[in-house]
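The values are calculated or read from the model by the stated rules, or taken from the named source; none is laboratory data. All values reported here derive from a predicted model rather than from experimental measurement. Glycine gets a Cβ as well: all are built from the backbone with ideal geometry, and neighbour counts include every protein chain shown. These area figures cover heavy atoms from the full protein model, side chains too; ligands, DNA and RNA do not enter into them. Shrake-Rupley method; radii C 1.70, N 1.55, O 1.52, S 1.80 Å.
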Amino acid sequence: MARILIVEDEAHLADGIRFNLEAEGYDVEVEADGTRALEKLTAEPPAPLDLVILDVMLPGVDGFAVADAMRKSGNFTPVLMLTAKSLPDDVVHGLEAGADDYLAKPFDLAVLLARVKGLLRRRDWARGDPGSLSTARVGDAEVDFGRFEIRTRGQTFRLTLLETMLLKLLVQNAGQVVGKGEILQKVWNLSPDTETRAVDNFVVRLRRYLEADPRAPKHLQTVRGAGYRLVLEG
Ligand code: CA
């Protein structure tokens, strides 16, 4: 049974979401205040949660700041962000702050339930089902999909769900070019023609872990005009 925290100050909306999630068998908590949510999500050790549904407009601290602080504190629980508008800027801002998926208000509760299930499924996919890809070696780096970690040069780096998913997609297609449109669709759940630097920014972050010299990448290569290619050896 997955544990879900809803951070939403509109009581009727929070109650509606809670009622529907509980009916599906989830264990649900609600927090109405941004500052208290931030305290809860940056606590050490992090609260044992499987998913956070995070509204952007909150009293105290907004959802972007909560997501950002959460990631910086090392809490990588998947976040579904509720944005007020479906403006690409808002969506991208949310994803860059560390959200893993988003839903524009107003939304249908059935769509929210589908997103929650989708996000938990994506997390399970990224972690790896038994028998499927659970670790990979990229040069000197050991990628552990189950723990969302990269171990290299004596250090361990934690990955977000989206970073893990991007890396897994590239590992599964090692040696081949994976287009940006396909990445946006499969990892970000965005339309393939979305104008965003999100993929490029994530590639830059992954190169810091995977490459001895991130400015001359040997493993995570850019194929100009086509996409990205991961080379495992070398
Ligand atoms: Ca709100």
>> Restricting to the range 33-47, count the residues that are more than 16 Å from the ligand (Cβ to nearest atom) and out of contact with any helix residue (DSSP H, G or I) (no Cβ under 7 Å at 6 or more places or on another chain).
In response: 6
>> Regarding the range 23-38, can at least one residue be identified that is within 22 Å of Val187 (Cα to Cα) and outside the structural domain of Glu195 (by TED's automatic domain parsing)?
In response: no
> Restricting attention to the range 206-234, which residues are part of a helix (DSSP H, G or I) and either open to solvent by less than 70 Å² (accessible area, probe 1.4 Å) or touching a residue at least 60 places away in the same chain (Cβ under 8 Å) (or both)?
Replying inline: Leu206, Arg207, Tyr209, Leu210
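Checking the conditions here, which among Asp55, Asp89 is within 11 Å of the ligand (Cβ to nearest atom) and either under 17 Å from the mean Cα position of the chain (by Cα) or of a type in the set (D, E, K, R) (or both)? Don't jump to the end; show me each part of the working.
Values: Asp89 fails: within 11 Å of the ligand (Cβ to nearest atom).
Checking each option against the conditions leaves just Asp55.
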> Just one of the numbered conditions (1) within 16 Å of the ligand (Cβ to nearest atom); (2) under 21 Å from Thr164 (Cα atoms) is not true of Asp68; which one?
Replying inline: (1)
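Asn189 - would you say it is under 22 Å from Leu80 (Cβ atoms), exposed (fewer than 14 other Cβ atoms within 10 Å of the Cβ), under 14 Å from the mean Cα position of the chain (by Cα) and at pLDDT below 95? Before the answer, list the steps.
Details: under 22 Å from Leu80 (Cβ atoms): yes; exposed (fewer than 14 other Cβ atoms within 10 Å of the Cβ): no; under 14 Å from the mean Cα position of the chain (by Cα): yes; at pLDDT below 95: yes.
It is false that Asn189 is under 22 Å from Leu80 (Cβ atoms), exposed (fewer than 14 other Cβ atoms within 10 Å of the Cβ), under 14 Å from the mean Cα position of the chain (by Cα) and at pLDDT below 95.
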> Yes or no: Asp33 under 24 Å from Leu109 (Cβ atoms) and touching a Pro at 6+ places or on another chain (Cβ under 6 Å)?
Replying inline: yes
> Does the range 109-121 contain any residue that is at pLDDT below 90, out of contact with any strand residue (DSSP E or B) (no Cβ under 8 Å at 6 or more places or on another chain) and not hydroxyl-bearing (Ser, Thr, Tyr)?
Replying inline: yes
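Within the range 1-27, can you find the residues that are among the hydrophobic types (A, V, I, L, M, F, W, C) and open to solvent by 70 Å² or more (accessible area, probe 1.4 Å)?
Filtering the range 1-27 for residues among the hydrophobic types (A, V, I, L, M, F, W, C) gives 1-2, 4-7, 11, 13-14, 17, 19, 21, 23.
Within the range 1-27, Met1, Phe19, Ala23 meet the criteria.
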> Could you say which residue among Val30, Val61 is without any contact (Cβ under 8 Å) to a residue 40 or more places away in the chain, within 16 Å of the ligand (Cβ to nearest atom), assigned to a loop (DSSP other than H, G, I, E, B) and surrounded by 14 or more Cβ atoms within 10 Å (Cβ to Cβ)?
Replying inline: Val61
>> Restricting to the range 1-25, give me the number of residues that are of a type in the set (Gly, Ala, Ser) and within 12 Å of the ligand (Cβ to nearest atom).
In response: 2
> Is it the case that Ala114 is of a type outside the set (S, T, N, Q), more than 15 Å from Met165 (Cβ to Cβ) and open to solvent by 30 Å² or more (accessible area, probe 1.4 Å)?
Replying inline: yes
